[in-house]
Every structure is written in C-alpha cells, then in structure tokens.
Amino acid sequence: MRIFLIVAMFASCLQAQEPAPPRYFEPEKALRPEGTVVVLLGTGMPVANPRTSGPATAVVVRDRVFLFDAGPGVVRQLAAAGLPINGVTAAFITHLHSDHTLGYPDLIFTTWVMGRITPLSVYGPPGLKIMTDHLLAAWAEDIEVRVTGFERNPRSGYSVDAHEIEPGVVYDQGGVRVTAFAVRHGSWKRAYGYRIDTPDRSIVISGDTAPSDELVRIAAGCDVLVHEVYPAVRLKPEKRPGGEFWVAYMRSFHTSDEELGAIADKIRPKKLILHHIVRMGGTDEEVLAGVRRGGYTGEAVIGHDLERH
Ligand SMILES: [Zn+2]
Ligand SMILES: [Zn+2]
C-alpha cells in the first residue's frame with residue numbers, strides 16, 4: 001500500500017511538471033501578429049542536427065500562415081512557434097530535394113490527425129503531384145484505419161490540392177500575393193524562389209540557388225531577403241567517394257557568402273537573413289565577413305530556428 005502511494009505521488013508529481021500536450025491546436029494561444037512576421041521554423045541542412053530542423057519558413061499575416069518548404073520536423077516546429085498544427089493557409093515548395101520535402105507527409109497526415117477537414121493547398125514545381133499521389137498511396141492503410149476505425153477521421157481531411165506551378169503570380173488573395181520565380185539549382189529542371197507581398201511587407205525566399213539574376217530582379221528593394229549561403233573560403237574537394245565533385249556541385253547548386261554579398265548589394269533589402277548554411281566548418285563570423293567582402297553593407301543576420309523577424 002505504501003509503495004503504491006509513493007508510486008502514485010511520483011506519477012502525479014510528474015504530471016504536474018509535464019502537462020499533457022493539447023490534442024488540438026489552441027487558437028486562443030496562437031501567434032497572431034498585427035503586421036507580417038517571418039518565422040524561421042527550420043534553418044538547417046540535411047545533416048540531422050537536433051538543434052536545427054529542415055528548411056521551412058512561415059510568413060504569418062494575422063491569422064493566415066503561409067509556409068515555404070516542408071523540411072523534416074516542420075509540424076513540430078509549427079507547434080513550437082505557436083502556429084496551427086491542423087493546417088496552414090497555403091504551402092509553397094521551392095524544389096523537390098528531399099531535405100525540403102521530407103516533412104511533406106508530416107504536413108499532410110499530422111494536420112489531418114490534428115483536426116484538418118479541408119484540402120491542404122500546396123504549390124510547387126512539376127513533380128509535386130506525383131509525389132503527393134505516391135505519399136497518399138504509401139499511407140493508404142493508415143488512411144483506411146483512421147477513416148473506418150474508431151478514430152473516425154473525416155476522409156476529406158487528408159486530401160491535398162497540389163498545384164504544379166509555372167513562374168509568375170501563383171497566389172493572390174486577401175491582400176497577400178505570392179510570386180514564384182525560377183532559380184538555378186544545378187541539374188534540377190525546376191527550382192523556385194518566392195516573393196511574398198503583404199499589405200505591410202515584402203519578403204523574398206531564395207530556395208536553394210546558385211547566384212540568380214532573376215532573384216536580383218524580382219527581389220529588388222524588398223524588406224526581407226531570406227537566402228541560402230556557404231563560406232567560399234571553406235570550399236575544397238572532400239575526402240570521400242565522389243568528393244572530388246564537391247566544388248563543382250557547390251558552385252552550380254549554391255551561393256557563396258561573397259556572391260551573396262554582391263547580390264544583396266544590388267537588391268538592398270532592409271534585412272538579409274542567412275539560413276540553410278552549408279558551413280563546412282565555417283563560423284557565423286566567417287560567413288558574415290564573406291557577405292561583407294562581397295559588397296553588402298546593410299543589416300545581415302544568421303537565422304536560427306524559431307526566431308521571428
Ligand atoms: Zn536543393
Ligand atoms: Zn537544400
């Protein structure tokens with residue numbers, strides 16, 4: 001009896017410290033800013049660093065959430081940021097590299113299990129539809145059990161409106177306009193960056209890109225530029241099978257800090273946020289110094305997961 005009491009006390013003590021997480025998103029606790037806020041949900045790379053989730057950026061306009069990329073961890077990061085986990089207003093995928101899309105099934109299925117009943121709107125390059133169809137097929141047994149079993153999840157909730165888009169305005173509703181533009185990302189046939197214009201701010205998200213003239217043109221004078229980067233001085237062949245191609249790969253797929261400095265100097269954003277950094281051992285200071293060497297003198301910061309800008 002005494003042991004039982006001690007165990008019961010210990011259990012209730014644990015409960016007191018760690019309340020059960022809410023099953024559904026609590027709207028009254030939501031992040032609902034007056035103006036537009038950029039939330040860095042994931043700033044990481046393919047490397048499984050527990051402190052940085054995969055690429056995902058939210059642009060929050062009052063109670064609307066626009067999501068850009070769905071890297072691994074995306075729904076947990078939405079929860080951590082105080083954003084809805086039962087669906088976003090619309091999601092936009094820059095390209096179909098796995099590190100940008102591994103959270104896509106999470107976005108489809110977890111939002112459904114957390115209460116989504118309307119189709120998820122997703123925009124992205126050609127190939128998005130077949131990826132979506134394959135994901136729904138892969139989880140077909142899960143869907144059947146959740147719909148027909150005692151969970152009784154509505155069948156409408158896991159559906160996805162997948163839009164395969166061409167460059168241009170792809171979303172224009174309620175004062176928010178999203179423009180897709182083509183970027184150069186090595187051997188990818190299609191990779192996009194996005195410009196988001198809201199009533200009070202303009203934001204450009206580079207996606208993964210080598211230096212892009214189109215990005216410079218579209219982003220000119222924007223308020224916030226969120227851009228990928230790597231430190232030029234750290235780039236050298238790697239000692240691993242295929243490592244001799246590393247330099248050529250990085251130059252055709254990504255943008256160095258010095259190149260980004262020159263790009264940002266032309267765009268003149270009010271704020272430059274660096275994310276998705278292939279560090280190769282480089283420090284924050286090194287990367288920022290490289291951006292300065294490239295010619296940019298405006299505000300530049302290293303982005304971290306869950307920061308609001
Ligand atoms: Zn990529
Ligand atoms: Zn990437």
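Working only within region 91-109, note down all residues that are more than 10 Å from ligand 1 (Cβ to nearest atom) and of a type in the set (D, E, K, R).
Within region 91-109, just ASP106 meets the criteria.
Test each condition in (1) under 10 Å from the mean Cα position of the chain (by Cα); (2) more than 23 Å from VAL183 (Cα to Cα) for PRO84 and report the one that comes out false.
(1)
Which members of region 96-127 meet the condition of being aliphatic (A, V, I, L, M) and touching a Ser or Thr at 6+ places or on another chain (Cβ under 9 Å)?
Across region 96-127, the qualifying residues are ILE108, ILE117, LEU120, VAL122.
Could you tell me whether region 49-70 includes any residue that is within 16 Å of ligand 1 (Cβ to nearest atom), touching an Asp or Glu at 6+ places or on another chain (Cβ under 6 Å) and among the hydrophobic types (A, V, I, L, M, F, W, C)?
Checking region 49-70: at least one residue is within 16 Å of ligand 1 (Cβ to nearest atom), touching an Asp or Glu at 6+ places or on another chain (Cβ under 6 Å) and among the hydrophobic types (A, V, I, L, M, F, W, C).
For region 178-188, check the following and say yes or no: at least one residue is in a strand (DSSP E or B), within 20 Å of VAL65 (Cβ to Cβ) and among the hydroxyl-bearing types (Ser, Thr, Tyr).
yes
From the set of residues in region 197-219 that are of a type in the set (D, E, K, R) and assigned to a loop (DSSP other than H, G, I, E, B), which is farthest from ligand 1 (Cβ to nearest atom)?
In this case the residue turns out to be ASP200.
Pairs, please: C-beta under 7 Å, at least 6 apart or cross-chain, first residue touching a residue at least 60 places away in the same chain (Cβ under 8 Å) and in region 87-100, second away from ligand 1 (no atom under 16 Å from the Cβ) and among the polar types (S, T, N, Q)?
That search, which allows pairs on different chains as well, returns ALA90/SER121.
Taking the residues in region 115-152 that are within 16 Å of ligand 1 (Cβ to nearest atom) and part of a helix (DSSP H, G or I) as candidates, determine which candidate is nearest to the chain's Cα centre (by Cα).
Filtering first and then ranking leaves LEU128.
How many residues, within region 79-92, are at pLDDT below 95 and outside any loop (DSSP other than H, G, I, E, B)?
Residues flagged as at pLDDT below 95 and outside any loop (DSSP other than H, G, I, E, B) within region 79-92 amount to 2.
State whether one or more residues within region 173-183 are within 16 Å of ligand 2 (Cβ to nearest atom), under 25 Å from VAL61 (Cβ atoms) and either surrounded by fewer than 19 Cβ atoms within 10 Å (Cβ to Cβ) or within 20 Å of the chain's Cα centre (by Cα) (or both).
Checking region 173-183: at least one residue is within 16 Å of ligand 2 (Cβ to nearest atom), under 25 Å from VAL61 (Cβ atoms) and either surrounded by fewer than 19 Cβ atoms within 10 Å (Cβ to Cβ) or within 20 Å of the chain's Cα centre (by Cα) (or both).
Which of the residues that make up region 220-261 are more than 16 Å from ligand 1 (Cβ to nearest atom), of a type in the set (Gly, Ala, Ser) and touching a residue at least 40 places away in the same chain (Cβ under 8 Å)?
The answer is ALA220, GLY221, ALA232.
Of the residues THR43, THR101, only one is within 14 Å of ligand 2 (Cβ to nearest atom), at pLDDT 90 or above and over 27 Å from THR118 (Cβ atoms); which? Quick ask: steps written out before the conclusion?
Values: THR101 fails: over 27 Å from THR118 (Cβ atoms).
None of the other options fit; the residue is THR43.
Determine which single condition ALA58 fails, assuming it passes every other condition in (1) modelled with pLDDT under 95; (2) crowded, with 22+ Cβ neighbours inside 10 Å.
Every listed condition holds for ALA58 apart from (1).
Since TRP112 meets every condition but one in (1) within 16 Å of ligand 1 (Cβ to nearest atom); (2) more than 13 Å from the chain's Cα centre (by Cα), which condition does it not meet?
(1)
The values are calculated or read from the model by the stated rules, or taken from the named source; none is laboratory data. Fair warning: this is a prediction, and the values are worked out from it, not measured in the lab. No Cβ is skipped: glycine too gets one built from the backbone with ideal geometry, and neighbour counts run over all protein chains shown.
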